[in-house]
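Each remark here refers to the structure printed beneath this line.
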Amino acid sequence: MGRVEEYLLDKIEREGALHITLIDPEKMSPEEAKEVAVEAEEGGSSAIMVGGSTLVSNQDLDEAVKAIKSGVEIPVILFPNNISCISRFADAIWFMSLLNSSNTYYLIEAQALTAALIKKYKLEAIPMGYIIVGEGCAAGYIGHARFINYDHPEIVVGYALAAVHLGMRFIYLEAGSGAKDPIPPEMISQVKKAIERPLIVGGGIRDALAAERAVRAGADIIVTGTLVEQGGSVRERIYEIVRNIRGVKKVVV
Ligand code: 1GP
């Protein structure tokens with residue numbers, strides 16, 4: 001297990017639940033990305049994820065990661081949507097498979113194409129099973145995700161358990177960036193009950209209350225992206241989320 005994974009697990013153990021800020025280099029300049037990351041760290045985010053559903057420029061990614069790294073101490077983790085989303089300047093990469101994709105490219109082929117480069121760059125690869133649920137937004141469209149309704153947690157539990165049996169160490173329930181409704185607490189609960197793995201939840205979480213609801217249902221890591229693109233004080237909005245989720249008792253029913 002690598003340094004970033006150990007750091008995340010240790011922090012979950014100590015604090016109960018973590019917040020991670022997602023930065024999409026397509027939506028801001030490297031300087032803006034750095035500013036957001038600095039404020040996110042000050043607000044209490046435990047890491048910065050860098051990626052976006054439509055990101056294609058490796059150069060833009062490199063510039064963003066370098067700028068972010070120059071401003072923060074917390075780890076920078078790549079959140080790749082394709083083979084171009086690898087940067088040698090990051091600390092780690094979610095080595096993820098989109099489990100409910102109908103396209104083998106997103107299941108294993110993109111991973112096979114980038115595995116050697118990740119080794120060459122000595123990037124810490126953190127194995128993660130990624131499941132897109134509900135509307136899925138751009139991520140669902142790009143990733144050819146088979147639609148899973150919010151009313152069918154048992155299907156999502158099946159994917160999550162399969163990921164655990166395959167040895168994946170984190171599970172990510174994704175509603176899609178900008179989703180109207182975040183993943184429902186009942187679904188989070190059922191997945192968390194079935195797996196003894198850290199559970200990441202993201203998509204459509206816009207305020208501290210929604211984040212708290214997800215953590216209460218069993219989420220270990222909350223990811224927000226759109227929140228930092230809305231202007232105003234990033235630091236304050238993230239601080240509110242972090243304050244609300246820290247130490248929340250998880251009631252997995
Ligand atoms: C996307 O889950 C993340 O992968 C973030 O979603 O932009 O809706 O916060 P939002």
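Read-outs: derived from the displayed coordinates by stated rules, not from any lab. Because the structure is predicted, anything quoted here is derived from the model rather than measured. Here the Cβ is made from the backbone with ideal geometry for all residues, glycine too, and neighbour counts use every protein chain on show.
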Fill in the blank from the handout: Taking alpha-carbon centroids only, the stretch 120-190 lies from the stretch 192-253 a number of Å equal to 15 Å
Handout entry: DSSP bridge pairs, the chain: antiparallel proportion in percent, nearest 5
Key = 5 percent
Exercise for the section: Measure out, as a whole number of angstrom, how far apart the alpha-carbon centroids of the stretch 8-29 and the stretch 47-97 sit. Expected result: 13 Å
Practice task
Between Glu73 and Lys180, with labels modelled 7 Å along Cα→Cβ, what's the label distance in nm to one decimal, could you check?
Solution key: 4.3 nm
Exercise for the section: Can you pull the one-decimal nm distance between simple spin-label points at Ile108 and Val164, each 7 Å off the Cα toward Cβ? Expected result: 2.3 nm
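Count of lysine pairs in the stretch 1-109 with Cα atoms under 20 Å apart, counting only pairs 8 or more residues apart in sequence or on different chains? Walk me through the numbers on the way to the answer.
Values: Lys27/Lys66; Lys27/Lys69; Lys34/Lys66; Lys34/Lys69.
Lysine pairs meeting the criterion: 4.
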